[in-house]
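A short worksheet on the structure shown next.
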Amino acid sequence: MNSLLPFSDFQHGQGVESALARFEQWMDAPDSPVRAVKHVAASEGEFAPVPDSIHGTLAEALMRRGIRQLYSHQAAAIAALEAGHNAVVVTPTASGKTLCYNLPVLNRLIAEPEARALYLFPTKALAEDQLHEFLGAVEASGHPIRAFTYDGDTPQDARKAIRERANVVFTNPDMLHAGILPHHTKWAKCFENLRFVVIDELHTYRGVYGSHLANVLRRLRRICEFYGSKPQFVCSSATIANPRELAEALTGESFDLVDRSGAPTADKYIVFYNPPVVNAQLGIRRSYLHEARRLAIEFIERGQQTLVFANSRLATEILLTYLRDACERGPLPGSSIRGYRGGYLPRERREIERKLRDGEIRGVVSTNALELGVDIGSLDAVVMAGYPGSIASTWQRAGRAGRRQGMSLAVLVASSNPLDQYIVEHPEYFFGQSPEHAHINPDNLEILLNHLKCAAFELPIRDGETFGTHPTEDLCKFLETEAGLLHHSAGSWHWTSDTYPADAVSLRSVSSDNFVVVDITGDHKVIAEVSFTAALTTLHEKAIYLHEARQYQVEKLDYEGRKAYVRSVDCDYFTDAIDYTQVKELSRFASAPLAGATAAHGEVRVNTQIVGFKKVKFYTLENVGAGDLSLPEQEMHTTAFWIHFPAGFLNRFEDLTQTEKLNGITGLGNLLQVIGALLLMSDPRDLGVAVTEDLPGLGVRAAGRFEPDLFLYDNYPGGIGQSAPLFDLAPRLVSGALELVRACGCESGCPSCVGPAGEIGARGKEAALRILAALAGQTERSGAAAMPQ
């Protein structure tokens, strides 16, 4: 039986309905790649009258837009704010959350022309999009309300006018942290009259980024108190398990929760698609990128405006290349497909957003940059190339289809990654589970201390003052005696250094320096910017840098100047960097025996270096070449959970060589990363994996002794609090990994369990299975892994 879905009988204009019929028909077929079709039924709207407190001109403007009444959740949010409370609104995509804060803000600004509001968005693109909508509402109201974006792209000559004249400032946490709070004296009029702080896309502020934002907001509240204002907070979020808890942790204020949506919804269908197996012995499935391309091109060619999500910059550019090639061979021009990701310049992103809204382009391939609420109009279909890493993100991406009306379809195409395979083969887990909790740790000492420095720079810290819930005296004494940054005088701690502390604190990554990509093919021109961490893997010399499906070869990387010089080339391969990671235990917080091994968690140092790259051919993914590199080593202090395997534990596997044991532990790391992400309901990319062969505390392998450590470390500086729960869950980690590897029918390893046999090495699956069984207190006979389960 042909395992490809025969979509060729789609009728133009009926692609969604025809595709759905085919998916449902194939659900019941033997060995069907369709693992689930979930119907999310349409719902009627719940409405409420526009409150009498809303100014007449605003009510008239709403009427002209066809809004004669509000959704019930909009009315509830406005009522909470008018009562003087803070509000957090949690409703689905395209349910009118923006009006929940725009209407009360505009109403206050009309009644109080000197009032100010601050809007925070996680991305510049979203701030621009929301400014456009806000200005449309201002124009319709007929009132002289001034609103501007203020970010890194704002011209210097415009900044003074914005500080003095803007009623509403649209910005992002990074600019608030480094460009506004340290210069609060220039913003005195704004802070004196600040009435509202709007935090959009609240669910994005988790982990390290959220922990930083909580401290930025502590500094904001401190400055507002100095200027005599106490703004209300209003937050909006996609569906997460703990929105009120997150809003209160970020702001230190209490909130009213508005989570019952009154917006009507159309029928939506979610399809789980698992590419068919092409080699059962090796457990190899058809490429998920090829399957995502095939499904997307069928939708696009039959008139369905389609958004394709990929999980990385590289996958986005590869899919864009494939889709453009397919379009150029068919009835559509390649320009009808565009890419969209963070590295594109603002002008390019605005152009893509506009053309998507206007229907000028039929499809877009995007990273998670379009997961947020940028207005891109009404889409018919969403194809997700790979599981996004969390339930919340999957629903957010699926919600991009059918934002306004009409039936829509979202298809999740699973990769061979074990987490993807678990989700797609256990749809009841996904559909029966609530979205993840979003956790932050604003009291992480490294983060807290960095922001306390920024706070002292902004205003002296008074004796007895707290920062968040923390007394500041001991921390200030440390900054005086150990760092020489503060001096105590007249009942306050004063900043005495000539440094600018906000510059040294990046909210999102290890370094705040972006690399600029300069095309030197003709006239030199900047075509993109790349974050520091991504630059080391994508802009090394001889790399093929992909931008809008065009290939550029990196001629020179100016590491100190943060520039990469590229030249346009036409080649049939892309490059993939190879890194080497070494983890060193610094301090152990706790440890416990684990069936002859030792489980522990504590603080570690992670050293990573890019040591080479592979040349990978488009379509076939053949390795067609390689090269060596020697880029500067990157160091990070973080927290980790690890298992130490003493010689006595490993000696029980006498028939395995030392290399085979190491292969098994490497495969075990891949399994534990997946099970750990499932147990913590976190993104697996938040967990790094490394195996070291050094003895603890020695830094070198001792002669004749082989005692490796398997580390699962937080992939962020300072850690994000995952190591302690992993340590507590160690037995469940082991049993879950054992269950996963036993259930996989491959012979010697595959991408869906321990990893491909060619990557983990000889007897890797067998060794991993036997080591896991020993850790679980069971026995697994030699050669058992070779028997299909």
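The values are calculated or read from the model by the stated rules, or taken from the named source; none is laboratory data. Since the model is a prediction, treat every value here as computed from it, not as a measurement. With ideal geometry, Cβ positions are generated from the backbone for all residues, glycine too; neighbour counts draw on all protein chains shown. Please note that ligands, DNA and RNA were not included when accessible areas were found on the heavy atoms of the full protein model with its side chains. Shrake-Rupley method; radii C 1.70, N 1.55, O 1.52, S 1.80 Å.
Just to be sure I understand, how many residues within the stretch 64-123 are open to solvent by less than 40 Å² (accessible area, probe 1.4 Å) and acidic (Asp, Glu)?
0
Matching residues to (1) open to solvent by 10 Å² or more (accessible area, probe 1.4 Å); (2) in contact with a helix residue (DSSP H, G or I) (Cβ under 8 Å, 6 or more places away or on another chain); (3) at pLDDT below 90; (4) over 14 Å from residue 771 (Cβ atoms):
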{"residue": "622", "(1), (2), (3), (4)": "yes, no, yes, yes"}
{"residue": "625", "(1), (2), (3), (4)": "yes, no, no, yes"}
{"residue": "628", "(1), (2), (3), (4)": "yes, no, no, yes"}
{"residue": "666", "(1), (2), (3), (4)": "yes, yes, no, no"}
{"residue": "679", "(1), (2), (3), (4)": "yes, yes, yes, yes"}
{"residue": "688", "(1), (2), (3), (4)": "no, no, no, yes"}
{"residue": "691", "(1), (2), (3), (4)": "yes, yes, no, no"}
{"residue": "699", "(1), (2), (3), (4)": "yes, no, yes, yes"}
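Scanning the stretch 517-537 for residues that are β-branched (Val, Ile, Thr) and closer than 16 Å to residue 631 by Cα, which turns out farthest from the chain's Cα centre (by Cα)?
This residue is 537.
Just to be sure I understand, how many residues within the stretch 538-556 are in contact (Cβ under 8 Å) with a residue 24 or more places away in the chain, buried (at least 18 other Cβ atoms within 10 Å of the Cβ) and part of a strand (DSSP E or B)?
Total satisfying the criteria: 5.
Quick one: would you say residue 595 is of a type in the set (Gly, Ala, Ser), surrounded by fewer than 19 Cβ atoms within 10 Å (Cβ to Cβ) and over 22 Å from residue 716 (Cα atoms)?
yes
Working carefully through the options 378, 416, 434, 393, find the one that is open to solvent by less than 30 Å² (accessible area, probe 1.4 Å) and in a loop (DSSP other than H, G, I, E, B).
416
Taking into account only those residues within the stretch 143-163 that are open to solvent by 70 Å² or more (accessible area, probe 1.4 Å) and more than 21 Å from residue 231 (Cα to Cα), which is farthest from the chain's Cα centre (by Cα)?
144
Evaluate the following for residue 447: is it within 30 Å of residue 343 (Cα to Cα), in contact with a Leu (Cβ under 8 Å, 6 or more places away or on another chain) and of a type outside the set (Asp, Glu)?
No.
Could you count how many residues in the stretch 312-331 are touching a Phe, Trp or Tyr at 6+ places or on another chain (Cβ under 8 Å) and within 14 Å of residue 382 (Cβ to Cβ)?
Count: 0.
Out of 87, 41, I need the residue that is closer than 30 Å to residue 249 by Cα and of a type in the set (Gly, Ala, Ser). Which one?
When all the criteria are applied, what remains is 87.
Which of the residues spanning the stretch 326-366 are polar (S, T, N, Q) and either surrounded by fewer than 22 Cβ atoms within 10 Å (Cβ to Cβ) or within 11 Å of residue 297 (Cα to Cα) (or both)?
Those that are polar (S, T, N, Q) and either surrounded by fewer than 22 Cβ atoms within 10 Å (Cβ to Cβ) or within 11 Å of residue 297 (Cα to Cα) (or both): 335, 336.
Which of the numbered conditions does residue 176 fail, given that it passes all the others? Conditions: (1) more than 20 Å from residue 502 (Cα to Cα); (2) under 31 Å from the mean Cα position of the chain (by Cα).
Looking at each condition in turn, residue 176 falls short on (1).
Exactly one condition in (1) within 30 Å of residue 515 (Cβ to Cβ); (2) open to solvent by 10 Å² or more (accessible area, probe 1.4 Å); (3) of a type in the set (S, T, N, Q) is not met by residue 305; state its number.
The failed condition is (1).
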